[in-house]
Amino acid sequence: MSVALASCSTSSTTRQEPLRVMVVDDSVVIRGLISRWIASEPDMVVAASLRTGRDAVNQIDRVNPDVAVLDIEMPELDGISALPLLLAKKRNLIIIMASTLTRRNAEISFKALSLGASDYIPKPESTREPAAAETFHHDLIQKIRSLGAKVRRTVPATASPPLAPALERSREPQPRSPLAQPQLTHRAFSTQAPRVLVIGSSTGGPQALMALVTDLGPVIDRFPVLITQHMPPTFTTILAEHLARSSHRPAHEAVDGEIVRAGTIYLAPGGRHMRVARHGAEVAIALDDGPPVNFCKPAVDPLFTSAIDVWQGGVLAVVLTGMGSDGTRGGKEIVAAGGNVIAQDEASSVVWGMPGAAANAGICAAVLPLNQIAQKLVRVFSGDRS
């Protein structure tokens, strides 16, 4: 919520302009469906509905969108080829890649993230499947809204003359007043030695995870590392491969019943919650096909809470960039059991939803930029809990 202060010289308040969304897909059915969804939202408008990447590149200056939903497979110019051309014309454009759920498209989506796309979303194979279409609808609108918040513009609410062209072209996020940034309360690190690292992430998570594990070798070698990233099947398979390359350590989608050991990164497979449980003297992975938690499957909270049953106060949790608040409930329980929580800071997060919820709940022992989290983890697991 924002508060506008009125002076004696002006009585203007502020309102937010709708997000301008450009839909680019060669399927007239998908274009129409997405356009109708966007048009029904009070804070969004369809800036353009286009058939090819070439159309998008040619019209971006005229359309001036805040967000583009970009299909991968299109005639004339596909999405992965159009992506850098669009960003060259508008560097702060939010681009969400949309593709059907195949390994090839998942790999292209990962490449798109490295080229500057903000996020990806899998399209259902058929829009005639109500549940799949509803999930696609919900996830797409949430991604547009959350990612678009970074470029949302504020304009006078009074019906004054239109914005000057130079101002209209500027899409930079408005600077926040220092008064709008509450002071975060940090807890002291628990004196209990951590025995496991659990990580939760969502939007922006793949890039964050790959950067994090690059410098996490000393922790991975000595302690189990378990990750839940909000992601569909196939995508998690490829993410695990990327994590293995980035960390130079084994990483794979967790398998139900396998024993958890140090030296390996375990990733929750898309579409299944990952928990851990005692199996005699060992700790084993427990996957389940239960309902979504916090609208997510896999969800972070099931991993976090199950880790307490196994390692009690020896759990160290990290909450990385992502929408929503998944991980906060589990984080509270970890802290209550004597463990610790670290969150990514707002400036380095693609979306400061999940880490922001944890930070604002007062459960974090540290809130750090992404490039400082690995160093801190290495120190904490080595005995420095200051």
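Please treat every number below as a calculation from the coordinates, not as lab data. Computed from a prediction, not measured in an experiment: that's the story for all the values here. Every residue, glycine as well, gets a Cβ built from its backbone with ideal geometry; the counts of neighbours run over all protein chains shown.
With label points built 7 Å along Cα→Cβ from the Cα atoms of residue 138 and residue 114, find their separation and express it in nm.
It works out to 3.3 nm between the two label points.
Quick one: work out the % antiparallel among DSSP beta bridges in region 196-381, nearest 5. The partial results should precede the final answer.
Values: 9 of 33 bridges.
Looking only at bridges with both residues in region 196-381, the antiparallel portion is about 25 percent.
Taking a point 7 angstrom from the Cα of residue 215 along the C-beta vector, which residues in region 341-372 have backbone N less than 13 Å away?
368-372
If you wrap a convex hull around the C-alpha atoms of region 307-386 and split its volume per residue, what is the figure in Å³? Let's see the in-between values first.
On the way: hull volume 6.5 nm³, N = 80.
Taking the convex hull of the Cα positions in region 307-386, it is 81 Å³ per residue.
Each residue of region 253-266 in order: what ³J(HN,Hα) in whole Hz does its phi give by Karplus 6.51 cos²θ - 1.76 cosθ + 1.60, θ = phi - 60°, with x for Gly and Pro?
5, 5, 10, 4, x, 6, 7, 8, 9, 5, x, 10, 9, 9
Given the -39500 (n - 2.57) contribution per DSSP H run of 4+ residues, what per-residue ellipticity at 222 nm results for the chain, rounded to the nearest 500 deg cm²/dmol?
Numbers: 13 runs with 138 residues, N = 386.
Calculated from helices alone, the mean residue ellipticity at 222 nm is -10500 deg cm²/dmol.
Treating the angle as unsigned and between 0 and 90°, give the value, to the nearest 10°, between the Cα long axis of helix 205-214 and the longest Cα principal axis of the chain.
The angle comes out at about 40 degrees.
What does the convex hull of the alpha-carbon atoms of region 196-381 project to on average, in nm²? Intermediate results must be reported in sequence, preceding the final value.
Details: hull surface 34.7 nm².
With every direction weighted equally, the projected area is 8.7 nm².
Once the Cβ-Cβ distance between residue 382 and residue 129 is put in as r, and R0 is 41 Å, what FRET efficiency do you end up with, to the nearest 0.05?
Details: r = 50 Å, r/R0 = 1.22.
Efficiency, rounded to the nearest 0.05: 0.25.
Which value results for Rg/Rh of the chain when Rg is the Cα radius of gyration and Rh the Kirkwood radius based on the inverse mean 1/r?
Numbers: Rg = 21.9 Å, Rh = 22.0 Å.
Taking Rh as the inverse mean 1/r over Cα pairs, Rg/Rh reads 1.00.
When only DSSP loop residues count, what chymotrypsin sites (Phe, Trp or Tyr not before Pro) in region 274-336 have their Cβ near at most 15 other Cβ atoms within 10 Å? Before the final figure, lay out each step's value.
Values: sites: 295, 304, 311; in loops: 295.
Answer in residue order: 295.
Cα-Cα over 21 Å: which of 90/111; 143/297; 150/376? Before the final figure, lay out the partial values.
Values: 90/111 19 Å; 143/297 16 Å; 150/376 28 Å.
Beyond 21 Å between Cα atoms: 150/376.
Taking the alpha-carbon centroid of each part, what is the distance from region 71-100 to region 253-315 in angstrom?
Centre-to-centre distance over Cα atoms comes out at 36 Å.
Filter the trypsin sites (Lys or Arg not before Pro) in region 256-293 to those in DSSP coil with at most 15 other Cβ atoms within 10 Å of their Cβ, and list the result. Walk me through the intermediate numbers first.
Values: sites: 261, 272, 275, 278; in loops: 261, 272.
In loop regions of region 256-293 (DSSP not H, G, I, E or B), the sparsely surrounded trypsin sites (Lys or Arg not before Pro) are 261.
At a Förster distance of 51 Å, what's the computed FRET efficiency of residue 88 paired with residue 278, Cβ-Cβ distance as r, to 0.05?
0.40
Between residue 145 and residue 289, take the C-beta separation as r, use R0 = 35 Å, and let me know the FRET efficiency to the nearest 0.05.
With R0 = 35 Å, the Cβ-Cβ based efficiency is 0.75.
Using modelled backbone amide H atoms (1.01 Å from N, in-plane), which distant-in-sequence or interchain residues come within less than 5 Å of residue 283's amide H?
HN-HN under 5 Å from residue 283: 260.
What residue among 207, 375, 344 has the largest mean-square fluctuation in a Gaussian network model of the chain, using Cα springs under 10 Å?
Looking only at 207, 375, 344, the biggest GNM fluctuation is shown by 375.
Which of the trypsin sites (Lys or Arg not before Pro) found in region 10-95 are in a DSSP loop and have at most 11 neighbouring Cβ atoms, other than their own, within 10 Å? Walk me through the numbers on the way to the answer.
Working: sites: 15, 20, 31, 36, 51, 54, 62, 89, 90, 91; in loops: 51, 90, 91.
Passing both the DSSP loop test and the Cβ count: 91.
At 0.36 nm per residue, minus the direct Cα-Cα distance, what do residue 101 and residue 61 gain on full extension? Give it in nm, one decimal, please. Intermediate results must be reported in sequence, preceding the final value.
Numbers: separation 40, 0.36 × 40 = 14.40 nm, distance 3.11 nm.
Fully extending the segment from residue 101 to residue 61 adds 11.3 nm.
Check which residues have an amide H placed less than 5 Å from residue 98's amide H, if you skip close sequence neighbours.
70, 71, 72, 121
Relative to the longest principal axis of the C-alpha atoms of the chain, give the angle of the C-alpha long axis of helix 235-247, reported between 0 and 90° and rounded to the nearest 10°.
Taking the Cα atoms of the chain, the angle to 235-247 is about 60 degrees.
By how many degrees, 0 to 90 and rounded to 10, does the Cα axis of helix 28-39 deviate from the longest principal axis of the chain?
The helix 28-39 is inclined about 90 degrees to the chain.
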